[in-house]
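J.: The structure under discussion is supplied below as structure tokens; questions concerning it will follow.
Where a number appears in this text, it was derived from the coordinates with a stated rule and is not lab data. Predicted, not measured: the structure shown is a model, and the values here were computed from it. FYI the Cβ positions are ideal-geometry reconstructions off the backbone, even for glycines, and counts take in every protein chain you see.
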Amino acid sequence: MVALDMSRPVAAEAESRPAIRIEGVCKWFGDLKVLDTVDAEIADCEFVSILGPSGCGKSTLLRLMAGLVPYEEGNITLLDTPVESPSADVGFVFQTSNLLPWANVRKNLLLAAELDRKATQPDEAAIAAMVETLGLTGFEDSYPHELSGGMRHRVAIGQALIRSPRVLLMDEPFGALDALTRDHLNVELLKIWQKEKKTVVLVTHSIAESILLSDRVLVMSERPGRVIRDIRIDLPRPRHPSETRKDPMFGEYAAELGRLMGVA
């Protein structure tokens, strides 16, 4: 049996300056307490997944990091700056792609940048480079209804990246896709992350996805959510679903995360 390092504290000291620091954060919606004293640190260029039961506040926590929702107690800093409103340093990928149906791929990317006046506006060369990064060369003039579900999700990721944010926050972007398409997009996301050198925080319900993609997995409790375990994923990179799942440690991580989630 592989020994997992389970002694890592929840708010462990980051190996470099934290890109995101969360300290004692609480959140209520009316009388409902959604988050309870959440503490975490995420290092620059680190890939971290947030895993937890439905309704535990994972998506709410992600929105707090993005400055989309206020919090009542605690503190969140992004690149040493308190989070009080949306920042040009943050790109956000939602659960649904939300592409403009009347705009082609190129225009969807361009408009995403134009909506953020604080961001550097991309030229045609930058748009072409992003299309290539997304693996969509040849589909620049295609409209959303002409794309597969996986391709639409890649465009949505591109919309977040085209503004050159330092941090990419992703709220279950692949949750509605079939397993094969999801595996393919996981591979593409890893390639993009390795190329772009962004800090990535991913909310997911998938134990396998969290292990495949992440440097660390933050496990949350039932509502009101708090981080109950911080697990470092010590699997070699680059990773590919079919190969990584053969590693004995993958099974050990899956078993431990399943136990924490109450599904093992």
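J.: Work out the FRET efficiency for A176 and H145 from their Cβ-Cβ distance, taking R0 = 22 Å, and round it to the nearest 0.05.
T.: The value I calculate is 0.85.
J.: Continuing with the same structure: Which of T244, T81, T133 moves the most in a Gaussian network model of the chain with Cα springs under 10 Å?
T.: Highest fluctuation among the options: T81.
J.: Can I ask one more? List the extent of the Cα atoms of the stretch 128-264 along each of their three principal axes, largest first, rounded to whole Å.
T.: Reported extents, whole Å, longest axis first: 47, 35, 27.
J.: According to the square roots a ≥ b ≥ c of the eigenvalues of the Cα gyration tensor, what is the shape class of the stretch 41-93, taking rounded for a/c under 1.5, prolate for a/b larger than b/c otherwise, and oblate for the remainder?
T.: oblate
J.: Suppose every K and R has +1 on its Cβ and every D and E has -1 on its Cβ; what is the size of the dipole of the chain about the Cα centre, in Debye to the nearest 20? Don't skip to the answer; put the middle values down first.
T.: Values: 30 positive and 38 negative charges, 44 e Å.
The calculation lands at about 200 debye.
J.: Still on this structure, I have one more. Gain in length, H205 to A126, computed as 0.36 nm per residue apart minus the alpha-carbon separation, to one decimal in nm?
T.: 25.1 nm
J.: Provide Rg and Dmax in Å for the chain, with only Cα atoms included in the calculation.
T.: Values for the chain (Cα only, Rg and Dmax): 18.2, 54 Å.
J.: For the stretch 147-159, in order, what is each residue's ³J(HN,Hα) by Karplus, 6.51 cos²θ - 1.76 cosθ + 1.60 with θ = phi - 60°, in whole Hz (x at glycine and Pro)?
T.: Working through the residues one at a time gives 9, 6, x, x, 5, 4, 5, 5, 4, 4, 5, x, 4 Hz.
J.: Report the gain in length on full extension from F94 to L235: 0.36 nm times residue separation, minus Cα-Cα distance, nm rounded to one decimal.
T.: 48.0 nm
J.: Calculate how many DSSP beta bridges within the chain are antiparallel, expressed in % of all such bridges and rounded to the nearest 5.
T.: Working: 20 of 39 bridges.
Roughly 50 percent of the DSSP beta bridges within the chain come out antiparallel.
J.: Another one. For the chain, what does the helix formula give at 222 nm: sum of -39500 (n - 2.57) over DSSP H segments with n ≥ 4, over the residue count, nearest 500 deg cm²/dmol?
T.: On the way: 8 runs with 85 residues, N = 264.
Only helices count here, giving -9500 deg cm²/dmol.
J.: Let me ask something else. How high is the relative contact order of the chain, in percent, with contacts defined as C-alpha pairs under 8 Å that are six or more residues apart?
T.: 27
J.: Still on this structure: Given the stretch 184-247 reduced to its alpha-carbon atoms as identical point scatterers, what log10 I(q)/I(0) does the Debye formula return at q = 0.17, 0.24 Å⁻¹?
T.: After summing over all Cα pairs, the log10 values are -0.64, -1.13.
J.: State the answer as a single residue: which of I192, T204, M220 lies farthest towards the positive end of the charge dipole of the stretch 170-252, with beta carbon charges of +1 for Lys and Arg and -1 for Asp and Glu, about the Cα centre.
T.: Among I192, T204, M220, the one farthest towards the positive end of the dipole of the stretch 170-252 is I192.
J.: Can you work out the FRET efficiency for the pair D80 and L32, with r the C-beta to C-beta distance and R0 = 35 Å, to the nearest 0.05?
T.: Details: r = 32 Å, r/R0 = 0.90.
Calculated transfer efficiency: 0.65.
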